[in-house]
Structure formats: C-alpha cells, structure tokens
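**Student:** First, the structure itself, so that you have it in front of you.
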Amino acid sequence: MPKLPRITGEELVKALQRAGFEVARQRGSHVQMGKWIEGEKVTFPVPVHQGKTLKPGTLSGILRKAGISVEQLRALL
C-alpha cells in the first residue's frame, strides 16, 4: 500500500470536491462532505484546522469512507 500524503484538511476538501463530493455544511472547524454513491448518501466530517496536517489514521478513515484509494487521492491533488 502506498504511503499516505501529508496534507491539510483544506487540501483534502479541495481534492474531494474534484472527485465529485460537495460541502454539505460546516460547523466550526469541521466540514461535512457528502455525495450519493450507488443510491446511498455518504457523508463524513473533515477537520479543517488552520495549517495543521491530518493525522494518518484520520486521513485513511476519510478515504475509506469516501471509497478513494491513495493513488486516486494523489491524482486529485
């Protein structure tokens, strides 16, 4: 498995938008992303803390929920 990139929450939100996800809402420093996948609404929060990189476990969990591989994420960045 390829190594996860070290990115901020802001960069991840932009990459997910390129993949077709939309910002459903934002509350404080967490952005709720959503998209219909195979007739089911998939939503998950992305922490957007100013200038802080996402922890590897947080990033891998978001990618798993979104159904995006590390290679796909690198292409979206």
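**Student:** Taking Gln72 as the residue in question, decide whether it is over 9 Å from the mean Cα position of the chain (by Cα) and either assigned to a helix (DSSP H, G or I) or charged (D, E, K, R) (or both).
**Tutor:** yes
**Student:** Anything in the range 5-34 that is in contact (Cβ under 8 Å) with a residue 24 or more places away in the chain, over 20 Å from Thr53 (Cα atoms) and of a type outside the set (A, V, I, L, M)? List them, or say none.
**Tutor:** The answer is Phe21, and nothing else.
**Student:** Within the range 45-59, track down each residue that is assigned to a helix (DSSP H, G or I) and farther than 14 Å from Val13 by Cα.
**Tutor:** Result: Pro56, Gly57.
**Student:** Condition (residue is surrounded by 13 or more Cβ atoms within 10 Å (Cβ to Cβ) and free of Cβ contacts under 8 Å to residues at least 12 places away in the same chain) applied to the range 46-58: is it met by at least one residue?
**Tutor:** yes
Throughout, read-outs are computed from the coordinates displayed, never taken from laboratory work. Predicted, not measured: the structure shown is a model, and the values here were computed from it. No Cβ is skipped: glycine too gets one built from the backbone with ideal geometry, and neighbour counts run over all protein chains shown.
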